[in-house]
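J.: If you scroll down you'll find the structure; I have some questions about it.
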Amino acid sequence: MNNLKELTVKAKVTEGGRIVIPTKLRRALGIEIGENVTLSVKNNMLQITTQKEALRRIQALVRKHVPEGISLVDELIKDRREEAANE
């Protein structure tokens, strides 16, 4: 996926409220045919976010709060083992 800052394309709203995302834009964003996307409105503008991009943003947010060298998976496994040992 390219890191697009700005790209404008025209699309037409057809019957049933359908909008076709032009090939140029789909390719630039890495949107595959059949892929699920999230539509949201922010500041009166429609935004389309791929699941890959949403996951990347969430991971970046979580990463800010996890100290370097700490594995959340390893911490979870350790906690579960301790809980199981205490039962």
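We did not get these values from a lab; they are worked out from the coordinates using the rules stated. These numbers come from a predicted model, not from an experiment.
J.: Taking the chain as a Gaussian network, Cα atoms linked when under 10 Å apart, which of 28, 60, 11 shows the biggest mean-square fluctuation?
T.: Ranking 28, 60, 11 by mean-square fluctuation puts 11 first.
J.: Mind listing the phi-derived Karplus ³J(HN,Hα) values for the stretch 23-39, rounded to whole Hz, using 6.51, -1.76 and 1.60 with θ = phi - 60°, and x for any glycine or proline?
T.: 3J(HN,Hα) across the stretch 23-39, in whole Hz: 3, 4, 6, 4, 5, 4, 8, x, 7, 8, 4, x, 6, 7, 10, 10, 9.
J.: Cut-off 10 angstrom, C-alpha nodes, Gaussian network model of the chain. Which of 57, 26, 18 fluctuates the most?
T.: 18
J.: Now for a different question. Per 0.36 nm of contour for each residue apart, how much would the distance between residue 66 and residue 9 grow if the chain were fully extended, relative to their Cα-Cα spacing?
T.: Here the answer is 16.6 nm.
J.: Need the full-extension length gain, residue 32 to residue 51, defined as separation in residues times 0.36 nm minus the C-alpha distance. One decimal, nm.
T.: Going from the current span to full extension adds 5.7 nm.
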